[in-house]
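Following: one structure in C-alpha cells, then a few remarks.
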Amino acid sequence: MDLCHAAGLASLLQDPARVLTHPPIVEQLSRDFYWYSPVLRKQLDGKVGDLVVQPVSAAEVRDVLRYCHAYDIPVTARGAGTGNYGQAVPLHGGVVLDLARMDSIEQISAEGHAVCEPGVRLGVLENEARKVGWELRCYPSTIIKASLGGFLAGGSGGIGSVAHGNLRDYQTVRSLEVVTMEPEPRIVRHEGESVHDILHAWGTNGIVTRIWLALAPAVEWAQCAVACDTFDTAFDFSERIAADPFWTKRLVTPFEWPIPSFFTPVRQYAPRDKALIFLMIAESERAGLEATARDAGGEVTYSGKYLGLRTRPLLSDYTWNHTTLWAMRSDEAYTYLQCAFDPVTVRQQMRRLKERFGSELLFHMEFWKAGDGRMIPGAIPVVYYTTEERLNEMISFCREIGVFVANPHVNNVEGGGRYRSDNVQLLAKQRYDPKGLLNPGKMVTFKPHEFAR
Ligand code: FAD
C-alpha cells in the first residue's frame, strides 16, 4: 500500500492524528494471541498492516471504507487483539481499523438490554450493567481487555455460558449494525436470526458499529475451589452441579492434575496430585455447595464472596482459555484444543483419549448450555505439542470417537469450527464485500473475482 494513502485517510477524520504510521505501533496493533498455536506462529509471524486508522463514529468508518474500496485497500478490524486464531492479523497489509475509541455505552435499559459501540471493553460493560441490576450473560476470560465487537466477531462464549449458553444462543445478541465495504458503504441493521450472518465472521463481511445485547439479572456471586482425589470424581461432581437447574452458577471448571500446579498465584488451593474444580455459584447457595462437595468426596480449599473483576483471587483468571496461558508459562511446549464431548458418552470418550494420548492431553473441561438446553461437557484440553502431525492425529482421533473439535490451529473462519453450515456468513460477504477487501484470506470459501464488478 502506498503510504500517500495515510494523508488521504487522515483527511477523512476529524483528527488526522488518528492515522498511525509509526512501524512499532502498527506492528503491535497488527498482532493478537495467535502465538498460542505453534502452527499459527509459523504462519503469521511478521504479518503486519501498513497503517492504523482509529475511527470514532460509524460515519468515519463509512468514509474510511469508501476510500479503501475505491483504492482496493484491505481493511482488518481490530477490537483489543486478544483473539487466539490470528483473526485480527492482516494477511495482506492495508489498514488496521482499530475500533477501540468507539467505546460508548449508549443505554442499559430497564428490561436488560445494552446498546453499545463495538469498542466498549466487556469489563466496563459488566461493571456498568451491575450498577443497575444486570450483568453479562457470558464473557471470555479476557473480559478486562476484550471488546464487545471483537467478542461478537471472533469469540464464542465463556464464563456464564453454563447458565446462558454461548453468544450465538438464546438471542443474546439481539441486533447489530454493520458498515458494508461497497462503493457507497451502507449501514445495515441485522436483527433476530440475521445476526448470525455477522457473528463469528472475523470481520470479513462488515464492520460492526452498534450492538444490542441482552443481559441477565445480576447475581451476588461467590467463588469456590474444590479438590478431589481423582479427575473422575471431579468430573462427576462438576457435571452434577452444571446440569442441575437448582444451582445458580456462572462457572464450573474441573482440571486434571498437573494443570492446577501451573496456577502459581493460587497454588495454595491446589493440593498436590489432586484434580481441582473452580466454581462461581450464587452467594446464597455457597454453604449448600460446600456441603454437597464434601458429601461427594471433595475438599473445599477456597470459598469466598466474589468481590469484582479487579479483586484477588479471581478464579475465572485460570479458566477458559486462560488455563492454556498458565500452562504455556510453565512450559512453552503446551498448547490446546477446543472440544465438545457428547453428554451421554463423555466418560468413554475421555477414557479412549487417555488410553491413546496419556499425559500428552490433559483435561480441562468447561460446561456450557447448548441452544437446545443440553448441558455440553466442553473442553479446552491442554496439549503437549511435539509435531503438527501428532496434533492432527489428536484432532482426527477426537473426531473419530465423536468429540467435536473447533480447531484453533487454523487461520480461517471455515476451519475454526464455528462456520455456519447454511453459509449465511459467506452470503453476507458476497453482498457486503464483493471485492473481498475485509480481512482478506480469512474466509477461504469466498472467491472475490466472482462478485467484484
Ligand atoms: P480482536 O482479537 O481484536 O478481534 C477478534 C476478531 O473480530 C477479528 O477477526 C477482528 O477482525 C474482528 N473484529 C473486531 N472488532 C470488530 C468489529 N467492530 N466489526 C467486525 N469485526 C471485528 N474467547 C472466548 O470466546 N471465550 C473465552 O473464554 C476466551 N478466553 C481467552 C483467554 C485468553 C488468555 C485469550 C488470549 C483469548 C481468549 N479468548 C476467548 C479469545 C478472545 O479473547 C475473545 O474472543 C475476545 O472477546 C476477543 O475480543 P477482542 O476485542 O480482543 O477481539
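The values are calculated or read from the model by the stated rules, or taken from the named source; none is laboratory data. Keep in mind the model is a prediction, meaning the values are calculated, not measured. Methodologically, a virtual Cβ is constructed for each residue, glycine included, from the backbone with ideal geometry; neighbour enumeration extends over all protein chains shown.
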Check: Which residue, of P265, P313, P254, is in a strand (DSSP E or B), in contact (Cβ under 8 Å) with a residue 24 or more places away in the chain and either closer than 17 Å to V226 by Cα or polar (S, T, N, Q) (or both)?
Finding: P254
Check: Since E111 meets every condition but one in (1) assigned to a loop (DSSP other than H, G, I, E, B); (2) closer than 15 Å to V173 by Cα; (3) within 13 Å of the ligand (Cβ to nearest atom), which condition does it not meet?
Finding: (3)
Note to self: Report every pair of residues separated by at least 6 positions or lying on different chains whose Cβ atoms are under 8 Å apart, first residue within the range 140-154 and free of Cβ contacts under 8 Å to residues at least 60 places away in the same chain, second part of a loop (DSSP other than H, G, I, E, B) and within 7 Å of the ligand (Cβ to nearest atom).
What the structure shows: L152/P118
Next item on the list: Looking only at the range 384-426, count how many residues are surrounded by fewer than 16 Cβ atoms within 10 Å (Cβ to Cβ) and on the phi > 0 side of the Ramachandran plot.
Entry: 2
Check: Is the range 27-47 home to any residue that is farther than 28 Å from T386 by Cα and β-branched (V, I, T)?
Finding: no
Check: Can you name the residue in the range 303-329 that is out of contact with any helix residue (DSSP H, G or I) (no Cβ under 8 Å at 6 or more places or on another chain) and away from the ligand (no atom under 16 Å from the Cβ) and is also nearest to V252 (Cα to Cα) among such residues?
Finding: G304
Item checked: Some residue of the range 423-431 being in a loop (DSSP other than H, G, I, E, B) and within 25 Å of L65 (Cβ to Cβ) -> yes
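Taking D2 as the residue in question, decide whether it is more than 15 Å from the ligand (Cβ to nearest atom), among the acidic types (D, E) and in contact (Cβ under 8 Å) with a residue 40 or more places away in the chain. Quick ask: steps written out before the conclusion?
On the way: more than 15 Å from the ligand (Cβ to nearest atom): yes; among the acidic types (D, E): yes; in contact (Cβ under 8 Å) with a residue 40 or more places away in the chain: no.
Against the criterion (more than 15 Å from the ligand (Cβ to nearest atom), among the acidic types (D, E) and in contact (Cβ under 8 Å) with a residue 40 or more places away in the chain), D2 does not qualify.
Please work out which residue is nearest to the ligand (Cβ to nearest atom), limiting yourself to the range 278-302 and to residues that are hydroxyl-bearing (S, T, Y) and touching a helix residue (DSSP H, G or I) at 6+ places or on another chain (Cβ under 6 Å).
Y302
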Next item on the list: Quickly run through the range 303-355 and pick out the residues that are among the hydrophobic types (A, V, I, L, M, F, W, C), closer than 17 Å to M280 by Cα and surrounded by fewer than 18 Cβ atoms within 10 Å (Cβ to Cβ).
Entry: L307, L309
Item checked: Selection within the range 137-161 - away from the ligand (no atom under 11 Å from the Cβ) and either within 27 Å of L438 (Cβ to Cβ) or among the polar types (S, T, N, Q) (or both) -> none
Notebook entry, point to check: Which number in (1) buried (at least 18 other Cβ atoms within 10 Å of the Cβ); (2) in a loop (DSSP other than H, G, I, E, B); (3) within 16 Å of the ligand (Cβ to nearest atom); (4) not polar (S, T, N, Q) marks the one condition that P434 misses?
Noted result: (3)
Next item on the list: Within the range 377-389, track down each residue that is of a type outside the set (S, T, Y), under 26 Å from D232 (Cα atoms) and either at pLDDT below 95 or not in a loop (DSSP other than H, G, I, E, B) (or both).
Entry: P377, G378, A379, V382, V383
Check: Is one or more of the residues making up the range 43-63 modelled with pLDDT of 95 or more, under 30 Å from L337 (Cβ atoms) and part of a helix (DSSP H, G or I)?
Finding: yes
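Yes or no, residue by residue, for (1) within 16 Å of the ligand (Cβ to nearest atom); (2) among the polar types (S, T, N, Q); (3) under 30 Å from Y85 (Cβ atoms); (4) touching a residue at least 24 places away in the same chain (Cβ under 8 Å):
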| position | (1), (2), (3), (4) |
| --- | --- |
| A7 | no, no, no, no |
| S11 | no, yes, no, no |
| E27 | yes, no, yes, no |
| R31 | yes, no, yes, yes |
| S37 | yes, yes, yes, yes |
| R41 | yes, no, yes, no |
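The rows are residues; the columns are (1) out of contact with any Asp or Glu (no Cβ under 7 Å at 6 or more places or on another chain); (2) part of a strand (DSSP E or B).
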position: V115; (1), (2): no, yes
position: G123; (1), (2): yes, no
position: Q171; (1), (2): yes, no
position: V178; (1), (2): yes, yes
Notebook entry, point to check: Here are some conditions: (1) small (G, A, S); (2) touching a helix residue (DSSP H, G or I) at 6+ places or on another chain (Cβ under 8 Å); (3) without any contact (Cβ under 8 Å) to a residue 12 or more places away in the chain. A114 meets all but one. Which one does it not meet?
Noted result: (3)
